[in-house]
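One structure is given below, encoded as structure tokens.
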Amino acid sequence: MPASPRTPPPRSTRTGRKAPHGVLEVDWPFFGELCRALALKVFRGYDPDVVIGIARAGVIPGAVVASILQRDFASVAITRTESGARPVVLAGPPRLVTGKRVLIVDETCDTGDTMKIALNAVRELKPAAVKTAVSFRTGAYAPDFSALETDNFIILPWDRDVIIDGEIVMRPDYAEKLKELGG
């Protein structure tokens, strides 16, 4: 029996995000198009002096967007501690953001926890303005700019393969998610 149009989609208990209904495997050409689209949206709505990419995965779209916009680029390193705790800053933004218009870029945004930590770290340095952008909006948190909104599980081209026991293999968590979703 098909679901009623009013039936809400399933939600993940951990994040409140809709459970992924499919897999979006992003290749390099598609990633390039997303970066061009994101840079164009930013160009039309904001004029940053500097772009900050959130390490690890946000550095790549951040650097590409900065290059397209012909702006300075820097990064901030934020990671999660063990057992899913709140993200923490490993390496903060450079002082050059003081008095500048800043754009913070990450690859995805679900709960916004990582983005909020980056925003706080940048705001401590008193920028003239700060806005946020992501390649993929995947949850309730709304960045200022996004290239694509999706409920799919995303596999990024720079993040897909890892070295385990001297061999390049698909990340085990990606392989497990693909198996789980039937992809």
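Every read-out reported here was derived from the displayed coordinates using simple, explicitly stated rules and does not represent laboratory data. Since this is a predicted model, take the numbers as computed values, not measurements. Cβ: placed from backbone, ideal geometry, glycine included. Neighbour counts: every protein chain shown.
Close amide H partners of F153, meaning residues 5 or more places away or on another chain with modelled amide H under 5 Å apart, are H21, G22, V23, L24.
Order the peptides 55-63, 69-77 from the highest to the lowest mean number of other Cβ atoms within 10 Å of their residues.
55-63, 69-77
In order along the range 62-77, phi translates into HN-Hα couplings of x, 5, 5, 4, 4, 5, 4, 7, 6, 10, 5, 10, 8, 9, 10, 9 Hz, rounded to whole numbers, per the Karplus curve 6.51 cos²θ - 1.76 cosθ + 1.60 with θ = phi - 60° and x for Gly and Pro. Alpha carbon centre of the range 91-158 versus the range 28-43: separation in Å? One Cα centre to the other: 15 Å. For the range 101-179, the Cβ-based charge dipole about the Cα centre amounts to some 460 debye (Lys, Arg positive; Asp, Glu negative; other atoms uncharged).
Number of Lys-Lys pairs in the chain with C-alpha atoms under 23 Å apart and a separation of 8 or more places or on different chains: 11. Backbone amide hydrogens, once placed in the peptide plane, bring T132 within less than 5 Å of I104, D144, F145, excluding anything fewer than 5 places away on its chain. Short-range pairs are left out: with C-alpha atoms under 8 Å and at least six residues apart, the relative contact order of the range 24-158 is 27 percent. Applying 1/(1 + (r/R0)^6) with R0 = 35 Å to the Cβ-Cβ distance of Q70 and L90, what FRET efficiency is obtained, to the nearest 0.05? Computed FRET efficiency for Q70 and L90: 0.80.
Other residues whose C-beta falls under 12 angstrom from the C-beta of L181 contribute a net charge of -2, scoring Lys and Arg +1 and Asp and Glu -1.
Taking the Cα centre of the chain as origin and assigning +1 to Lys and Arg Cβ atoms and -1 to Asp and Glu Cβ atoms, the resulting dipole is close to 820 debye. Taking Cβ atoms as reference points and 12 Å as the exclusive limit, the residues near L156 contribute a net charge of -3, counting Lys and Arg as +1 and Asp and Glu as -1.
When shorter helices are ignored and each DSSP H run of at least 4 residues is given -39500 (n - 2.57), the per-residue value for the chain at 222 nm works out to -8500 deg cm²/dmol. Tally Lys and Arg at +1 and Asp and Glu at -1 over the other residues with C-beta under 14 Å from the C-beta of R44: what net charge comes out? Within the 14 Å Cβ shell, the charges total +1. Computed from backbone phi, the HN-Hα couplings of the range 40-57 come to 5, 4, 5, 4, 6, x, 6, 10, x, 8, 9, 10, 10, x, 8, 6, 9, 5 Hz, rounded to whole numbers (Karplus: 6.51 cos²θ - 1.76 cosθ + 1.60, θ = phi - 60°; Gly and Pro given as x).
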